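Report on the following structure.
The values are calculated or read from the model by the stated rules, or taken from the named source; none is laboratory data. Every value quoted in this text rests on a predicted model; they were computed, and no experiment measured them. Note that we place each Cβ from the backbone using ideal geometry, even for glycine, and neighbour counts take in every protein chain shown. Protein only, heavy atoms only, side chains kept; ligands, DNA and RNA dropped before computing areas. Shrake-Rupley method; radii C 1.70, N 1.55, O 1.52, S 1.80 Å.
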Amino acid sequence: MELFTGLSFSVLCIQILVGLSKATILFIVASGLTLILGVLRIPNLAHGSLYMIGAFTTYSIATAFSQSSLGFWIALLLAPLIVALIGLIMEQGLFRFLYNRDHLMMLLFTFSFTLVFGDLVKLLWGSDYRSLAVPEIFQGSYSLLGMPFPRYNLFLLLLGPVFAAGLWFLTNRTILGKISRAAAVDREMVGAVGINVNRIYAAVFVLGCYLAGVGGALVAPTQNISQGMDHSIIIEIFLIVIIGGLGNVWGALLGAVIFGLTDAIGILVAPQFGIIFPYLAVITVLIFRPKGLLKSIW
Amino acid sequence: MLEVKAINTYYGLSHILFDVSLSVHTGEIVCLLGRNGAGKSTTMKTIMGLTPPKQGEIVFKGDRVTGLPAYQICRRGVGFVPDDRRVFADLTVGENLEISARPRQGFDGWDKERVYNFFPALRALEGRRAGVLSGGEQQMLTIGRALITNPDLLLLDEPTEGLAPIIVEMLEEKILELKAGGLSVLLAEQNQNVALRLSDRAYIIDNGHIRYHGSIEDLRRDEAIRHKYLLV
Ligand SMILES: Nc1ncnc2c1ncn2[C@@H]1O[C@H](COP(=O)(O)OP(=O)(O)OP(=O)(O)O)[C@@H](O)[C@H]1O
Ligand SMILES: [Mg+2]
């Protein structure tokens, strides 16, 4: 079936799947950002930098274990933990003293971290880009509708629902999740029922950073790992979080899917202008739902 | 139980409480009466550690608690029912209670089951989002939420405000039941009828100053004072 000249149904399907698999990474990173935004009210511009650090760390760990076929998997396990540790140091060392400052101060403060982390990455890894091979078991492609579909993308595609379910469980079924939903709306009252809100804030901040690290680790085998990947992701995930509804994890999921799909289909329809399609989608959403698609916590 | 000594509280630059002193003894219901904007809620919040005083001292069960964060004051045994209720609206009734539970070691304290026995209406609402409850149901939940922290002293800020008469009557009974169980209560009220029915002693606050202190019988007899400081 021909949709446009040279654009068949199966190509479209594959492209949609590719878009969804990219959306997985966007969702994981954006959910971390939106958690921190919703519960701690910090618009953390350094979230993209943590993602970049996650990717570079994954590269280094996977390379260090390159004799083993498990190199990437060890990195996928460790790199996000390292990023989470950086998050813990940031929160305990600095952010926890600043929760009463206004949002602009916080924004500028986190911006300073993007500069510090940018230089730190340059210092540790140099300014060349790096690339990492896809882990052995996911090398090659499956044939879907007669078209090749990279195995690693299938892995990402399956991981998306796992993370969504995990986050659902965490926010709805664990005491930490319930408290953070309450703290997002009324921090003072959470304190008045005997909960040390600072501990909850620390946990949520670290979890958010962990998710940035996971996103960085997962993206590492799919693209060049380079300086500047912090900037491109931070723009994308902020838009995703805004169109989804600030602080809403399901909004982040929806926003990531919209972003991933419009990006993938845009590239197919108009390769030269592909990049503008997600932004058009964002503008369309914001015209009709200025506060985002789902309920914003702000 | 609670000893508030000459506290002065500010919101930014505006001075709200002027040398407010009051005390609550074990097993008493003490009311803090005053008009709109007199400083009742500010006194409650100051005791709870939400708006720490600039000067003065708060002593609870013999320990100085001035300046402690609210969560520590709660854990030491102060339960807070704020005037605007502030249920956790996005959470269910059950979740509101779960996250507030501070189980006590040793003897039998409050748990979810006991709160549901105390307010049977809440049991049926367990899975309902707290934000959609009626005013009376929310008030039962905020009291239940304070009780499940296992307090020795309960701060009740206008618990009957804006509620239907039969609910007010039910809440009054429940408050007396809590007192009979040994709980101490500081009750902020604008409505002197409720206060006169429930309390053992009364303070009157006006413009951030304590203007009167006496037993409830004295206040009941003293029409002039009530006329001067309270709406009649
Ligand atoms: N957050 C705030 N910032 C500044 N001023 C405040 C704030 N909250 C209360 N006030 C002022 O403090 C004074 C005392 O208020 P408070 O809420 O303690 O009175 P109240 O006795 O509880 O009144 P009500 O019966 O209306 O609940 C009032 O003049 C009020 O305008
Ligand atoms: Mg009040």
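Suppose the filter is over 22 Å from B:Ile47 (Cβ atoms), within 11 Å of chain A (Cβ to nearest Cβ) and either open to solvent by 30 Å² or more (accessible area, probe 1.4 Å) or not in a helix (DSSP H, G or I) (or both); does B:Glu98 pass it?
Answer is yes for this residue.
Picking from B:Gly162, B:Gly208, B:Gly136, which residue would you name as being away from every other protein chain (no Cβ under 14 Å), within 16 Å of ligand 1 (Cβ to nearest atom), buried (at least 16 other Cβ atoms within 10 Å of the Cβ) and small (Gly, Ala, Ser)? Checking each option against the conditions leaves just B:Gly208.
Yes/no matrix, rows are residues, columns are (1) open to solvent by 30 Å² or more (accessible area, probe 1.4 Å); (2) of a type in the set (Val, Ile, Thr); (3) over 25 Å from A:Arg151 (Cα atoms); (4) in contact with an Asp or Glu (Cβ under 8 Å, 6 or more places away or on another chain):
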position: A:Tyr201; (1), (2), (3), (4): no, no, yes, yes
position: A:Val204; (1), (2), (3), (4): no, yes, yes, no
position: A:Leu239; (1), (2), (3), (4): yes, no, yes, no
position: A:Gly247; (1), (2), (3), (4): no, no, yes, no
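Taking only the range A:166-192 into account, find how many residues are more than 7 Å from every other protein chain (Cβ to nearest Cβ), β-branched (Val, Ile, Thr) and not in a loop (DSSP other than H, G, I, E, B). Explain how you work it out, then say what you get.
Restricting attention to the range A:166-192, the residues satisfying the condition of being more than 7 Å from every other protein chain (Cβ to nearest Cβ) are A:166-174, A:176-177, A:180, A:183-184, A:187, A:190.
Remaining after also requiring β-branched (Val, Ile, Thr): A:171, A:174, A:190.
The next check asks that each one be not in a loop (DSSP other than H, G, I, E, B); those that pass are A:171, A:190.
Of the residues in the range A:166-192, 2 are more than 7 Å from every other protein chain (Cβ to nearest Cβ), β-branched (Val, Ile, Thr) and not in a loop (DSSP other than H, G, I, E, B).
Would you point out the residue of the range B:84-95, among those that are within 8 Å of another protein chain (Cβ to nearest Cβ) and charged (D, E, K, R), that is least open to solvent (accessible area, probe 1.4 Å)? Full working, then the answer.
Of all residues in the range B:84-95, those within 8 Å of another protein chain (Cβ to nearest Cβ) come to B:86, B:88-91, B:95.
So of that shortlist, the ones also charged (D, E, K, R) come out as B:86, B:90, B:95.
Numbers: B:Arg86: 49, B:Asp90: 48, B:Glu95: 21 Å².
Filtering the range B:84-95 for residues that are within 8 Å of another protein chain (Cβ to nearest Cβ) and charged (D, E, K, R), the one least open to solvent (accessible area, probe 1.4 Å) comes out as B:Glu95.
Just so you know, in the range A:266-298 the residues that are hydroxyl-bearing (Ser, Thr, Tyr) and touching a helix residue (DSSP H, G or I) at 6+ places or on another chain (Cβ under 8 Å) include one that is nearest to A:Leu246 (Cα to Cα), and it is A:Ser296. Among the residues of the range B:145-175, write down those that are free of Cβ contacts under 8 Å to residues at least 40 places away in the same chain and away from ligand 2 (no atom under 16 Å from the Cβ). Answer for the range B:145-175, where residues must be free of Cβ contacts under 8 Å to residues at least 40 places away in the same chain and away from ligand 2 (no atom under 16 Å from the Cβ): B:Ala164, B:Pro165, B:Ile166, B:Ile167, B:Val168, B:Glu169, B:Met170, B:Leu171, B:Glu172, B:Glu173.
Which one is nearest to B:Gln72 (Cα to Cα), of the residues in the range B:139-158 that are more than 12 Å from every other protein chain (Cβ to nearest Cβ) and part of a loop (DSSP other than H, G, I, E, B)? Step by step, filter the range B:139-158, then rank; the result is B:Asp152.
Quick one: in the range B:181-191, of everything that is more than 15 Å from ligand 2 (Cβ to nearest atom) and either within 14 Å of another protein chain (Cβ to nearest Cβ) or over 14 Å from the mean Cα position of the chain (by Cα) (or both), which residue is most open to solvent (accessible area, probe 1.4 Å)?
If we filter the range B:181-191 for residues that are more than 15 Å from ligand 2 (Cβ to nearest atom), which is where we start, we get B:181-185.
Subset that is either within 14 Å of another protein chain (Cβ to nearest Cβ) or over 14 Å from the mean Cα position of the chain (by Cα) (or both): B:181-182.
Values: B:Gly181: 72, B:Gly182: 43 Å².
So, considering only residues that are more than 15 Å from ligand 2 (Cβ to nearest atom) and either within 14 Å of another protein chain (Cβ to nearest Cβ) or over 14 Å from the mean Cα position of the chain (by Cα) (or both), the one most open to solvent (accessible area, probe 1.4 Å) is B:Gly181.
Taking the range A:147-186 on its own, how many of its residues are over 30 Å from A:Trp73 (Cβ atoms), charged (D, E, K, R) and surrounded by fewer than 18 Cβ atoms within 10 Å (Cβ to Cβ)? Going through the range A:147-186 one residue at a time, the tally reaches 1.
Which of the residues spanning the range B:18-56 are in contact with a Pro (Cβ under 7 Å, 6 or more places away or on another chain) and within 13 Å of ligand 2 (Cβ to nearest atom)?
Applying the first criterion (in contact with a Pro (Cβ under 7 Å, 6 or more places away or on another chain)) to the range B:18-56 yields B:46, B:49.
Across the range B:18-56, the qualifying residue is only B:Thr46.
Would it be correct to say that B:Asp83 is under 26 Å from B:Lys40 (Cβ atoms) and within 16 Å of ligand 2 (Cβ to nearest atom)?
Values: under 26 Å from B:Lys40 (Cβ atoms): yes; within 16 Å of ligand 2 (Cβ to nearest atom): yes.
Taking the combined requirement at face value, the residue satisfies it.
If you filter the range B:101-125 down to residues that are surrounded by fewer than 18 Cβ atoms within 10 Å (Cβ to Cβ) and either within 14 Å of chain A (Cβ to nearest Cβ) or of a type in the set (S, T, N, Q) (or both), you find that the one that is nearest to A:Thr171 (Cα to Cα) is B:Pro103.
Would the range B:177-188 turn up any residue that is within 26 Å of B:Gly94 (Cβ to Cβ), at pLDDT 95 or above and either in a helix (DSSP H, G or I) or within 16 Å of ligand 1 (Cβ to nearest atom) (or both)? Within the range B:177-188, one or more residues are within 26 Å of B:Gly94 (Cβ to Cβ), at pLDDT 95 or above and either in a helix (DSSP H, G or I) or within 16 Å of ligand 1 (Cβ to nearest atom) (or both). When we screen B:Gly56, B:Gly77, B:Gly34 for residues that are away from ligand 1 (no atom under 13 Å from the Cβ), more than 14 Å from chain A (Cβ to nearest Cβ) and either within 16 Å of the chain's Cα centre (by Cα) or open to solvent by less than 40 Å² (accessible area, probe 1.4 Å) (or both), the only hit is B:Gly56. Just give me the residues in the range B:35-94 being among the hydrophobic types (A, V, I, L, M, F, W, C), in a loop (DSSP other than H, G, I, E, B) and closer than 19 Å to B:Leu17 by Cβ, in sequence order. Within the range B:35-94, B:Ala38, B:Leu50, B:Val65, B:Leu68 qualify. Looking at the range B:201-232 only, could you name the residues that are in a loop (DSSP other than H, G, I, E, B) and of a type in the set (D, E, K, R)? Correct list: B:Asp222 only.
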